[in-house]
Amino acid sequence: MKNERTFVILKPDAVQRSLMGELIHRIERTGLKMVAAKFLIPTREQSLAHYNKDEAWFLKVGTRNLNERKEKGLPIEKSEIEYGKDILEGNVKFLTASPVLAMIFQGNRAVEIVKKQVGGTEPLTSDVGTIRSDYTIDSYALAGFDGRCVRNLIHCSDMVEEAEREIKVWFKEEEIVKYTHLNEKILYDVNLDGILE
């Protein structure tokens, strides 16, 4: 459990708004340790492998988009699946538009801890105190109206299995640094041996 890994990307909007240091700081303050980082411009192929979406996802997000269009009296020009594929295409286009910072954090319940800090996908409805709530004001409705993806600053893995898959898309095993962080003594040492002189 102490070695659970999670994957995080600071997206182009976080990079362009100079929020990288602040967002890393928020994650590191939990006691999780960074074990890999890479500043890069993702390729289209890498981005598609990262998102790994299927027909069920296209239908789900496409239906949400279609319903929002109906509510706003906008024309319906495509099927739910096609709107879903457009959303994926928008995500890929956005992710490849600028450098991103890909990272791996490790520690007890890393996936759950980072997911809780990041907040829900939509900044507008994300819980107060989360990264997405505190640092941006975008919404599904505005993004849909503009025909773009939601700019929510950061991606994090939802599940341990997803983190393991995503890490392989972005990092080779030899790029992940294995080391002991001093924080681990206070977080995980049962007896706190050696703290007192």
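One table, with the values for the structure above:
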| read-out | value |
| --- | --- |
| Qualifying residue in segment 145-157 (condition: of a type in the set (Ser, Thr, Tyr) and assigned to a helix (DSSP H, G or I)) | no |
| Flag for residue 53 being surrounded by 13 or more Cβ atoms within 10 Å (Cβ to Cβ), closer than 18 Å to residue 169 by Cβ and of a type in the set (Lys, Arg) | yes |
| From 65, 91, residue being over 16 Å from the mean Cα position of the chain (by Cα) and surrounded by 13 or more Cβ atoms within 10 Å (Cβ to Cβ) | 65 |
| Residue among 43, 63, 6, 96 that alone is in contact with a Ser or Thr (Cβ under 9 Å, 6 or more places away or on another chain), at pLDDT 90 or above, β-branched (Val, Ile, Thr) and closer than 22 Å to residue 144 by Cβ | 96 |
| Criterion: crowded, with 16+ Cβ neighbours inside 10 Å, under 13 Å from the mean Cα position of the chain (by Cα) and not in a strand (DSSP E or B) - qualifying residue of 13, 86 | 13 |
| Criterion violated by residue 191 - all others in (1) modelled with pLDDT of 95 or more; (2) loosely packed, with under 12 Cβ neighbours inside 10 Å; (3) of a type in the set (S, T, N, Q) satisfied | (1) |
| Enumeration of residues in segment 45-66 that are outside any helix (DSSP H, G or I), touching a residue at least 24 places away in the same chain (Cβ under 8 Å) and of a type outside the set (S, T, N, Q) | 53 |
| Residue within segment 106-114 that is crowded, with 21+ Cβ neighbours inside 10 Å and at positive phi present | yes |
| Top-ranked residue of segment 16-50 - restricted to ones that are closer than 16 Å to residue 106 by Cβ and of a type in the set (Lys, Arg), ranked as surrounded by the most Cβ atoms within 10 Å (Cβ to Cβ) | 33 |
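The values are calculated or read from the model by the stated rules, or taken from the named source; none is laboratory data. Keep in mind it's a predicted model, so treat the numbers as computed, not measured. Please note: Cβ atoms are built from the backbone with ideal geometry, for glycine as well, and neighbour counts cover all protein chains shown.
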